[in-house]
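Notes follow the structure.
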Amino acid sequence: RHQDFFGLGNALPNALHHKDYEMIRDMGANFIRTAHYPQDPEVYRICDELGLLVWSEVPVINDVTASEAYHEVSLKMQREQILQFFNHPSVIMWGHMNEIFIRLVFNNKMTEPEKEAKIKTS
């Protein structure tokens, strides 16, 4: 779920978060994958309240490097996210680096062996 409201940024009023999640539940869904940026803590509280299951994503996407520093920072972000939200019964999965191969697929400057090598080291 991305928060898409015309003319508003990502810092939404809680009423709009609640409206979105109620609409998702009312259309018959019971599982949410949050977008790959930090979520308002209210999002998790709402999902707990409505009985929605959550796959919570860490804010890492697309251009993944093979550097040790990159991996350390992404793991640190994941640990911090888990420590912040582990007590929410709605969270059943912690995602780590979703959509990381999109850029590789569409990068015409890389040869197939380079793409394969990058995938193996990511």
>> Against the definition (under 13 Å from the mean Cα position of the chain (by Cα), open to solvent by 30 Å² or more (accessible area, probe 1.4 Å), at pLDDT 90 or above and farther than 11 Å from S90 by Cα), how does R33 come out, yes or no?
In response: yes
> Applying the selection to region 4-22, what residues are of a type in the set (A, V, I, L, M, F, W, C) and open to solvent by less than 80 Å² (accessible area, probe 1.4 Å)?
Replying inline: F5, L12, A15, L16
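I need the full set of residues from region 23-36 which are of a type in the set (A, V, I, L, M, F, W, C) and either assigned to a helix (DSSP H, G or I) or closer than 25 Å to S74 by Cβ (or both), in order please. I'd like the intermediate steps shown before the answer.
Step one: filter region 23-36 for residues of a type in the set (A, V, I, L, M, F, W, C), giving 23-24, 27, 29, 31-32, 35.
Passing the criteria: M23, I24, F31, I32, A35.
Just checking, which of R45, R25, R1 is open to solvent by less than 80 Å² (accessible area, probe 1.4 Å), of a type in the set (K, R) and without any contact (Cβ under 8 Å) to a residue 60 or more places away in the chain? Step through it out loud before you land on a result.
Details: R45 fails: open to solvent by less than 80 Å² (accessible area, probe 1.4 Å); R25 fails: open to solvent by less than 80 Å² (accessible area, probe 1.4 Å).
Matching residue, one of R45, R25, R1: R1.
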> If you scan region 64-94, which residues turn out to be within 22 Å of E42 (Cα to Cα) and open to solvent by less than 60 Å² (accessible area, probe 1.4 Å)?
Replying inline: M77, Q78, Q81, I82, F85, H88, S90, V91
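Quick check on my filter: what residues within region 12-22 are touching a residue at least 24 places away in the same chain (Cβ under 8 Å) and assigned to a loop (DSSP other than H, G, I, E, B)?
Filtering region 12-22 for residues touching a residue at least 24 places away in the same chain (Cβ under 8 Å) gives 12, 14, 17-18, 21-22.
Selection gives L12 alone.
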> Which members of region 48-63 meet the condition of being at pLDDT 85 or above, in a loop (DSSP other than H, G, I, E, B) and open to solvent by 30 Å² or more (accessible area, probe 1.4 Å)?
Replying inline: G51
>> So Q39 passes all but one of these: (1) within 17 Å of I92 (Cβ to Cβ); (2) modelled with pLDDT under 90; (3) assigned to a helix (DSSP H, G or I). Which condition number does it fail?
In response: (3)
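The values are calculated or read from the model by the stated rules, or taken from the named source; none is laboratory data. Quantities reported herein were computed from a predicted structural model and do not represent experimental measurements. Note that we place each Cβ from the backbone using ideal geometry, even for glycine, and neighbour counts take in every protein chain shown. Note: areas computed on protein heavy atoms with side chains; ligands, DNA, RNA excluded. Shrake-Rupley method; radii C 1.70, N 1.55, O 1.52, S 1.80 Å.
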